[in-house]
Amino acid sequence: MTAPGSDVEPYEVLDAELVDLTAPARPEIRLLVDQHTVLRPGQALPTTSDGPRYTKRDLDISEETARALDAADGQESGPMRAFRAWCGREQRVPVPCTTATYTEYGRHLMSRGLKVTTISNYMSLIRTTMPVGKQPDNSLFLKLLKEYRQTNKRAVRRKQAFPITLPYLIPMMEKAEATGRPLGWRDAAMLAFGYRFLARRSEEVDLDIEDLVVMDDRIVVWLLKDKTHQTEDQTLTLHDRPDLRMVPRMRRWLAHLAAQGITTGPLFRHLLKNGTVASSETRAKKASKRGDYLRGHTVNERVKHWFAAAELSTDGRPVSAQGLRAGGATDLGESDATEEELEEAGRWAKGSPIPRKVYVRPAQKARHDPFAKVPMYGHKTWPRQGDAAVPQETGTLLYTFISDRLDEQMRQAYVTGADGPAAVRAYADELREIMRLHQRFTEATYAQDEAAAAEYRQQLADRAAEWEDHQEYPLKTAA
């Protein structure tokens, strides 16, 4: 079409659409090839267009799964929760943390005077919690820890729990049962089972009733995991003993639960003062995390309670629930159990140095005193009955001799099954009396009260006379 009187070329009007220059470009198609790609004859090179096409449906999760993930995320370790709280106060980013933050927190733990092993374990847990590839460098922290170890002797020393061996365990269980209350039944079952199971307290309180098969002479335990078997379940057979009476004690506790309609769920539970099991609603208010399960701290408190109630005393080491595990291992070590047998009984990792260093070797050393070969001062042989001047060491020799013979009698009784519980009770009573007598003798000696010291020494000699034919009898008369 041409305008009239114009030299302009004719033009044509066309219908068209506007192009949106802001629209996203089509994704680039790229090859998906690396050194591991293998093509069969006739197969084309793989590209990004060959992959699956995801929609929003493929990315959605349900509300139930979201809640489960939130709960799983909330189950951080105590050290990590403490680290987050410290970072909040110090206005630092906890995850992923910087090397400076990690090092500063390690120094903070040292300033609190914590044990070296405790600090090392805490910091290891925190570091492994960080996202993969974003873990802080721990070399500066380890440098500080090395210096801390060298300048803080108390921080290096590890306090081991006092071993609750059978002579201590039996009186504790009997004291618990003497109350005639369900609380005592629960605790007696818990003590017997913990000793024979060589339980870590967290393992014992996490067990369910369904995890146990109680037979006439043993208890079979299914254990989902423990400290050294995180991905491997175990089936353990715990044989009972006449002195331990683990099976009847456990059956009595289970019967108490069954009478209240409880036949599944947590094995050891909190009780009200009237002996009934605390309801789930009550426990949810007081212990939202543990719920119906007993807390490990509660086991600790009950062990301490019955130890004190039985009027027992330690050698200075602290009493705790760990003492049940240590007690079983100590009894095994003193009874010449091999390192392999201890590993199996305590479920330590194969080749672990703990059974050898903590139980077997100390038990062997305790039975051997190289200074026993050295004659007493002023005597060519052991002090003889009737000597004009018997040194103070004689009373100690008599005490050691008597306690060793009592120990032999007790062990022989429960090994042979001949009235084991009665023998253990008698042993504990006699040993306490001998300890008190030796204490009085020692006090009189240091007070230079020769008459009183001689009287207590004579009482020890009279008690030792029962074994005067024994080859180690301290008051042998010279031939």
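What follows is calculated from the coordinates using simple rules that are stated; it is not laboratory data. Source: prediction; values computed, not measured. Reconstructed Cβ throughout: ideal geometry from the backbone, glycine too, with neighbour counts over all protein chains shown.
Once both labels are positioned 7 Å from their Cα atoms along Cα-to-Cβ, the gap between Asp407 and Thr117 label points is 2.3 nm. For region 166-334, the square roots of the Cα gyration tensor eigenvalues, ordered a ≥ b ≥ c, give a/c below 1.5, which places it in the rounded category. Ordering 115-124, 309-318 by mean Cβ neighbour count within 10 Å, with the highest value first, yields 115-124, 309-318.
Spin-label pair Thr264-Lys350: with each label point 7 Å from Cα along the Cα-Cβ axis, the two points sit 3.6 nm from one another.
Between region 174-242 and region 244-275, the C-alpha centres lie 12 angstrom from each other.
In this simple spin-label approximation, Phe371 and Thr128 carry label points 7 Å from Cα along the Cα→Cβ vector, and these lie 4.4 nm apart.
Stretching the chain fully between Gln43 and Glu433 yields a gain of 131.3 nm (0.36 nm per residue, less the alpha carbon separation).
Using 1/(1 + (r/R0)^6) with R0 = 41 angstrom and r between the beta carbons of Ala71 and Asp336, what's the FRET efficiency to the nearest 0.05? Using R0 = 41 Å, I get an efficiency of 0.30.
Sorting check: for 30-42, 135-147, which peptide has the highest mean count of neighbouring beta carbons within 10 Å, and how do the rest follow?
135-147, 30-42
Computed over neighbours whose Cβ is under 13 Å from that of Leu183, the net charge equals +4, Lys and Arg +1, Asp and Glu -1. Could you tell me which of the pairs Lys115/Lys357; Lys225/Lys273; Lys159/Lys304; Lys225/Lys350; Lys115/Lys146 are separated by over 22 angstrom between their Cα atoms in the structure shown? Violating the 22 Å Cα-Cα cut-off are Lys225/Lys273. For region 186-204, the residues whose amide N sits under 16 Å from a probe point set 7 Å from the Cα of Arg252 along the beta carbon direction are 186-194. P(r) for region 63-156, from all Cα pairs and a bin width of 5 Å, is 2, 13, 23, 22, 17, 11, 6, 3, 2, 1, 0 %, short bins first.
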